[in-house]
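Please read the structure below before turning to the comments.
The values are calculated or read from the model by the stated rules, or taken from the named source; none is laboratory data. Just so it is clear, the structure is predicted and the values come from calculations on it, not from any experiment. Backbone-built Cβ (ideal geometry, glycine too); neighbour counts: all protein chains shown. Surface accessibility is based on the protein's heavy atoms, side chains included, excluding ligands, DNA and RNA. Shrake-Rupley method; radii C 1.70, N 1.55, O 1.52, S 1.80 Å.
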Amino acid sequence: MVAEAFIELKPRRVKRGADCLLIVPPLVKYNAGPLLGPAMLKGACASAGFRVDVLDLNILFLNDHGGSSGSERLVGDHDRDAGHLGNVESAWLEEASQWLPSPPETSRICVSAASAMLYEFEAIEQAAERMVNSDWGNWIHRVLSRYARPSCVGLSIMFSGQVLWAMTVAIIARRIWPGVGVLAGGAHVTALKDEIVNDPRYGRVFDRFVFGYAERTFVAVVRAFAMKGAIPSECVRAGDGRLLLAGGDGSVTPEFGDLSLYRRTRTTLPAQYSRGCAYGRCRFCTYPAVEGVYHTLPDAPVVSVIERAAAIGGAVSFKDSLIVGKRLEAISHLVGGRVEWSACTKMHPWLNAENLAMLRESGCRTLELGVETLVGSSQRLIGKVQTRDLFESVLMAASNAEVGLVVNTITGFPFEDAAEAHREWKEIRSMVDRVGGERCKVEHNRFELERRAPLATDRAIRVTRSWPWSSLLDWEEVERPIERGVSLPVIG
């Protein structure tokens, strides 16, 4: 049921349209605060004299389904009611199934076909047209109609589960504002960049695409639409055959706008202190391919986020793929205990009792660790060798310093012995429960082969099927690879 209350939410109709209406489609299972990407684009355009209105349809959708409370022990992405949000997603996927064909049979993909978009172009486009005429399409129409015509519409697509929503929004936007330019960008679009530039079918719903971090390019694109100038070449058409990455600018100060939609006791603001991954060797991971070469970012934007969070009694979540020890220390000095904060890092000897106590004093409450697996053969296959002793020492030091840990684990890697993997996973759970207590949690995922992951081109694996709007690949094992040692670089 679509809540009629949605149409009473801000913004009210204004006479002049924005230079760009930037829309975050559902369904991202996150309601602790705004997303960083749209805020960076909004900030970049504001500094150049252009107005971008960010319409977070995702938070409007989640607000209608309740579940705004979060964890009192964790900060950041994990400060949410994951169980409730998972139920919301499941209910939506069941609803979406009425517009989509029967899901395909797969051998290795364990997630919902509607979430992973395991369908061909025509099936998804037809589903979007059906959704346009549904209650949700009517809701989108009412919300968009409260805006004056913008110079262009942008859609931020982070993962495949937003594609159907994004297409529906694009179709409705053109009905409300005939001829308006509709752009698509975000991490998921960037992951599909090679396919998009070589296949015009991706452009049947979206006019143009932007790949990668895009603050500089986005300003140029918005200027072109607002002033009816030439569209920058980095804003590409599907099937053009030209793969041009956008120009980013991590020195931009993000603009979060009205935070009242995030109905939390403690709103979490996102920040970023580096882009890319400082490790960049995980063969199951797509971050290097999507985020580009690792580089650090300046202090000023981070300080602005910290100050805004302190002013509202909020927290800060650092969205870096991996923050190394020296950068964690630098963050601790920037924060200085003014807010609670979280970050993602990697097991490393730097995470000792002394350094974790320093982080705790500065306000660090949660560190996310990509442990993945303690199965030796799987560690060598994925290129991430980490010892059990190191894990136990980091766990103990974090517990003593009262810093919470979110331990990410994955089972189901190629050629993995299922029984051994299950034993090791249970041992991780046991150690976390025994040492970490209530401040620590283990998150478990099944291995999924991503389109841009190095493992996707490994001779030991054969890709058996792909779908145009999905980043996931179905696959089978071919021949067990010869094991080779992988050294652990010093990144502290």
Checklist entry - Looking only at the stretch 333-342, which residues are open to solvent by less than 10 Å² (accessible area, probe 1.4 Å) and part of a helix (DSSP H, G or I)? => result 335
Item to check | Selection within the stretch 435-473 - in a strand (DSSP E or B), without any contact (Cβ under 8 Å) to a residue 40 or more places away in the chain and more than 20 Å from the chain's Cα centre (by Cα) | outcome: 462, 463
Checklist entry - Which residues, taken from the stretch 39-66, are open to solvent by 10 Å² or more (accessible area, probe 1.4 Å), more than 23 Å from residue 91 (Cα to Cα) and in contact (Cβ under 8 Å) with a residue 12 or more places away in the chain? => result 40, 41, 42, 46, 47, 48, 50, 51, 53, 54
Checklist outcome for this item: Out of (1) modelled with pLDDT of 95 or more; (2) touching a Phe, Trp or Tyr at 6+ places or on another chain (Cβ under 9 Å); (3) of a type in the set (D, E, K, R), the one residue 480 does not meet is (1)
Checklist entry - Just a yes or no: is a residue in the stretch 343-359 among the acidic types (Asp, Glu) and not in a strand (DSSP E or B)? => result yes
Checklist entry - List the pairs whose first member sits in the stretch 80-97 and is in contact (Cβ under 8 Å) with a residue 40 or more places away in the chain and assigned to a helix (DSSP H, G or I), whose second member is open to solvent by 30 Å² or more (accessible area, probe 1.4 Å) and of a type in the set (Lys, Arg), and whose Cβ atoms are under 8 Å apart, counting only residues at least 6 apart or on separate chains? => result 82/29; 85/29; 86/29; 88/29; 89/29
Checklist entry - Does residue 76 count as under 19 Å from the mean Cα position of the chain (by Cα) and at positive phi? => result yes
Checklist entry - If residue 432 passes every condition in (1) part of a strand (DSSP E or B); (2) open to solvent by less than 20 Å² (accessible area, probe 1.4 Å); (3) closer than 20 Å to residue 342 by Cβ but one, which one does it miss? => result (1)
Next on the checklist: Checking residue 436 against (1) out of contact with any helix residue (DSSP H, G or I) (no Cβ under 7 Å at 6 or more places or on another chain); (2) within 22 Å of residue 76 (Cβ to Cβ), only one condition comes out false. Which one?
Outcome noted: (1)
Next on the checklist: Quick check on the stretch 470-477. Is at least one of its residues in contact with a helix residue (DSSP H, G or I) (Cβ under 6 Å, 6 or more places away or on another chain), exposed (fewer than 15 other Cβ atoms within 10 Å of the Cβ) and charged (D, E, K, R)?
Outcome noted: no
Next on the checklist: Considering only the stretch 388-400, I want to know if a residue exists there that is open to solvent by 30 Å² or more (accessible area, probe 1.4 Å), within 29 Å of residue 111 (Cβ to Cβ) and among the acidic types (Asp, Glu).
Outcome noted: no
Next on the checklist: Against the definition (at negative phi and in contact with a Gly (Cβ under 8 Å, 6 or more places away or on another chain)), how does residue 259 come out, yes or no?
Outcome noted: yes
